[in-house]
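So the structure is just underneath, and the comments pick up after that.
Nothing in this text is a laboratory measurement; each read-out follows from the coordinates by a stated rule. Owing to the predicted nature of the structure, the values given are computational and were not obtained by experimental measurement. Here the Cβ is made from the backbone with ideal geometry for all residues, glycine too, and neighbour counts use every protein chain on show.
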Amino acid sequence: HFKLYIVCFEENYRNYLPMANIFRQLKSFDFDQRRFTVEQLVDFSVEILLESNASYSKHLLKYFVEDVRLLYNDIPYHNFRHAFDVLQATHSLIELTGVNNSKILNPLDIFSLQLAALCHDLGHNGISNLGYRTLHASIGHKCPTGGVSTNEFKHFEKFRILFERHCFQGKIFSNTEEINKIRLINNVKFMIFFTDIEPEMSGTS
């Protein structure tokens, strides 16, 4: 029995060490997500989000991230792997700048920032904002999003609907205070809208 215990301990120890290394690497710009499956990236996303707000249930948070993954289309670039890349880079920047250990951002703001990073391209179908403007012009329609670029408007709407679905009883955000729900959704809205780089490139912001 003692020998069996030692064998099991050594096996678990070998499994633990690589995971510990991976979690350290998640805070580095050298992390290469191409080494991992999409399913593993879902788990890594959960770990990153939990680090900024450990009060959430891990298994409910995983259900949420799985739903996020399903909302990403299987297209060459704006897919779930890209979303994870942005989340992981954001996580690295937070660690590098130390804002998580300062009074600049509170845990809810950091959690919002990371949610926006993960969800910033929800439902992207590969068509650019320029492509949408050209399409609307060709059929004589005005942009229906009130001045907000079409893609960013659609991505936030996808997030808002998903967020509201996960506010029901038994879901991840069901026990979040109403004032924090409002702040979170407003934070994510601002950050997703801010991912439209065209105003910055054209000199208008």
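Find how much the distance from Glu66 to Phe193 grows on full extension, using 0.36 nm per residue of separation minus their present alpha carbon separation; answer in nm with one decimal.
Length gained, Glu66 through Phe193: 43.4 nm.
Relative protection proxy for 65-77, 150-162, from highest mean packing down: 150-162, 65-77 (other beta-carbon atoms within 10 angstrom).
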